[in-house]
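Notes follow the structure.
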Amino acid sequence: MVLDQSVTVLPNPVTASQQSNNSSLDYDVAIAGGGIVGLTLACALKDSGLRIALIDAKPQSAGLEQRRAYAITLMTGQIFSGLGIWDKILPRITTFKQIRLADETSPAVVNLQTDDLGTPELGYVGEHFVLVQALLEALETAEHLTWLCPAEVTQVDYQADAAVLTLTIAESTQQIRAGLLVAADGSRSAIRQWAGIHTQGWQYWQSCVTAVIRPEASHENIAREHFWESGPFATLPLPDNRCQIVLTAPHAQAKHWLDVDESVFLAELNRRYQGQLGKLELVGDRALFPVKLMQSREYSRSRLALVGDAAHCCHPVGGQGMNLGIRDAAALTQVLKTAHQRGEDIGDLRVLKRYERWRQFENLIILGFTDLLDRCFSNHWLPLVAIRRLGLRTMRQLRPLKTLALQLMTGLSGRSPDLAEATSLKNDPANVSLS
Ligand SMILES: Cc1cc2nc3c(=O)[nH]c(=O)nc-3n(C[C@H](O)[C@H](O)[C@H](O)COP(=O)(O)OP(=O)(O)OC[C@H]3O[C@@H](n4cnc5c(N)ncnc54)[C@H](O)[C@@H]3O)c2cc1C
């Protein structure tokens with residue numbers, strides 16, 4: 001287990017055993033950002049023969065302190081399985097087999113079940129530190145990986161054959177040369193902005209309050225998405241009968257739910273559950289997040305690729321953001337490994353465009369899906385209320401509609417990366433891809 005090893009490792013000298021494309025480079029790939037997406041990419045590339053630098057402004061152990069939980073899709077489970085870390089993660093997270101969708105107080109509740117998709121489960125919920133711990137453990141033995149952290153990327157110069165990164169490490173600066181820079185530096189990506197890559201999107205009128213609660217009654221391993229006029233309200237089942245909640249509301253209202261006394265907050269949750277979960281206990285602090293939708297116009301430039309939140313962000317409804325980033329990492333790995341095996345220059349724009357063509361459109365579909373969900377349901381315009389309730393009733397009756405929604409939500413639509421390892425899902429004939 002990698003514990004607090006917040007060390008600054010300076011670039012390794014090139015050794016004969018390292019299969020470099022270009023010996024004038026310090027690294028073949030520099031990954032800027034060691035969040036879950038950057039770590040996943042490093043893990044996926046660790047045996048590729050490429051020399052990797054993983055750079056993060058925070059110490060290596062920072063991710064082990066984060067208690068936030070995520071909805072994890074079936075596709076992410078398959079990718080982690082391909083990375084050989086799923087067996088470590090699965091016993092520490094919750095598996096859910098039912099998703100319950102409800103609209104305010106309407107009785108038209110939709111229950112999505114495993115039969116609707118033909119899979120043994122519909123998804124998982126796990127905490128940030130659990131995923132980070134498994135990824136760090138897998139990286140412990142990576143021979144061609146150099147950690148540079150805490151180190152901040154403060155400047156990038158793009159040359160014909162390399163990206164030259166200036167790093168600030170403690171008080172000093174240092175330069176490294178990499179054949180490819182991957183920006184995994186989050187939604188406010190400085191690397192994307194320095195490269196002048198434009199984005200499209202908007203800030204929502206809403207923010208999210210997140211918290212972990214422990215209800216008196218069993219959460220029954222059901223993932224709940226309850227749509228209210230103020231915004232979606234998700235309840236994700238965690239181990240020890242805890243639930244991660246994500247309450248979306250207009251900014252001022254969300255701030256109010258962040259600041260109010262704990263008892264008032266819990267009373268509001270209780271009202272939303274109509275008392276069905278019994279007495280509620282708050283476990284830990286509440287946190288507030290602004291919500292935005294963002295899509296980069298380009299995911300690649302010569303010597304540069306964007307992944308995860310650096311490339312796109314979406315509304316948290318449906319719990320998709322991190323899952324899309326993990327899929328980016330798996331797709332980019334496949335493109336880079338193939339190019340490397342063919343002897344191509346992995347930082348060449350023609351290579352990187354293969355990744356962009358693969359992921360940009362697929363991500364756009366999910367961004368659009370989450371936006372549509374939020375706008376349709378966070379609305380009290382009577383004709384729209386009538387249409388969406390009719391939609392929910394129709395969905396209850398029509399299994400193909402449920403299947404379609406589930407394929408989008410579980411990540412099983414679109415092109416599957418090679419890394420997504422055959423699990424019980426792939427053997428199931430009902431698991432049809434949309435691609
Ligand atoms: C309320 C809420 C709920 C969510 N729920 C879900 C969910 O249920 N499921 C889901 O899939 N997604 C969810 N998401 C989205 C998810 O949190 C993000 O998509 C995901 O965390 C992005 O990961 P990342 O690795 O791309 O970026 P980040 O986690 O932001 O990591 C970026 C890393 O880059 C480093 N960095 C930044 N700048 C530099 C620099 N200049 N030099 C060096 N290092 C740098 C940072 O230190 C950081 O470690 C949710 C989001 C919100 C707001």
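Once the Cβ-Cβ distance of ILE169 and LEU398 is raised to the sixth power relative to R0 = 56 Å, the FRET efficiency obtained is 0.45.
Residue-wise HN-Hα couplings along segment 261-273, as the Karplus relation 6.51 cos²θ - 1.76 cosθ + 1.60 with θ = phi - 60° gives them from phi, are 4, 3, 5, 5, 4, 5, 5, 5, 5, 4, 4, 5, 7 Hz; Gly and Pro carry x.
The charge dipole of the chain, taken about its Cα centre with unit charges on the Cβ atoms of Lys, Arg (+1), Asp and Glu (-1) only, comes to about 1220 debye. The modelled label-to-label distance between HIS256 and GLN193, using points 7 Å beyond Cα along the C-beta direction, is 3.3 nm. Extension gain for ARG342-GLU281 works out to 16.3 nm (0.36 nm per residue, less the C-alpha to C-alpha distance). Plainly put, segment 118-251 has a radius of gyration that is 1.09 times its Kirkwood radius, both from alpha-carbon atoms, as the Rg/Rh ratio. The listed residues HIS315, HIS251, HIS198, once ranked by accessible area (1.4 Å probe) with the largest placed first, stand as HIS198, HIS251, HIS315. For segment 333-405, a simple Cβ point-charge model (Lys and Arg +1, Asp and Glu -1, everything else neutral) yields a dipole of about 480 debye relative to the Cα centre. Sorted from greatest to least, the principal axis extents spanned by the alpha carbons of the chain come out as 67, 48, 39 Å.
Projecting the Cα atoms of ALA339, PRO383, GLY308 onto the charge dipole of segment 291-435, computed from C-beta unit charges around the Cα centre, puts PRO383 farthest toward the positive end. Using only alpha carbons, segment 183-225 has a radius of gyration to Kirkwood radius ratio (Rg to Rh) of 1.23.
Restricting to DSSP loop positions (anything but H, G, I, E, B) with no more than 15 other Cβ atoms inside 10 Å of their own Cβ, which GluC sites (Glu not before Pro) remain in segment 177-285? Kindly include the intermediate steps, with their values, before the conclusion.
Values: sites: GLU216, GLU220, GLU225, GLU229, GLU262, GLU268, GLU281; in loops: GLU216, GLU220, GLU229.
Passing sites in segment 177-285 are GLU216, GLU220, GLU229.
Between segment 352-374 and segment 237-286, the alpha-carbon centres lie 31 Å apart. Compactness of segment 242-349 was expressed as the Cα radius of gyration divided by 2.2 N^0.38 Å, which yields 1.59. Remark on segment 173-254: hydrodynamic radius 16.4 angstrom, per the Kirkwood mean of 1/r across alpha carbon pairs. Charges were assigned to the Cβ only: +1 to each Lys and Arg, -1 to each Asp and Glu. The resulting dipole of segment 206-297 about its Cα centre is roughly 340 debye. Largest to smallest in accessible area, the residues TRP381, TRP202 fall in the order TRP381, TRP202 (1.4 Å probe, all protein chains included). Counting lysine pairs in the chain that sit 8 or more residues apart in sequence, or on different chains, and whose Cα atoms lie under 28 Å apart gives 21. Computed with every protein chain present, the accessible area of SER416 is close to 50 Å² [probe 1.4 Å].
The fraction of accessible area contributed by carbon and sulfur in segment 120-178 is 44 percent, rounded to a whole number (1.4 Å probe; ligands and nucleic acids excluded).
For VAL37, VAL307, VAL264, the ranking by accessible surface with the largest value first comes to VAL264, VAL37, VAL307, using a 1.4 Å probe. Mind giving me the FRET efficiency for ILE365 and GLU140? R0 is 41 Å, r the Cβ-Cβ distance, nearest 0.05 is fine. That pair, ILE365 with GLU140, gives E of 0.65.
Rounded to the nearest 5, the antiparallel percentage of DSSP beta bridges internal to the chain is 75%. 3J(HN,Hα) along segment 334-340, derived from phi through the Karplus expression 6.51 cos²θ - 1.76 cosθ + 1.60 where θ = phi - 60°, amounts to 4, 5, 5, 4, 4, 4, 5 Hz, with x in place of Gly and Pro.
Carbon and sulfur: what percent of segment 244-396's accessible surface (1.4 Å probe)?
Within segment 244-396, the accessible surface is 58 percent carbon and sulfur.
Residues in the chain average 41 Å² of solvent-accessible surface per residue, probe 1.4 Å, ligands and nucleic acids excluded.
The values are calculated or read from the model by the stated rules, or taken from the named source; none is laboratory data. Here the structure is a predicted model, which means the values were calculated and not measured. Don't worry about glycine lacking a Cβ; one is built from the backbone with ideal geometry, like all the others, and counts go over all protein chains shown. What goes into the accessible areas is simple: the full protein's heavy atoms, side chains included, and nothing from ligands, DNA or RNA. Shrake-Rupley method; radii C 1.70, N 1.55, O 1.52, S 1.80 Å.
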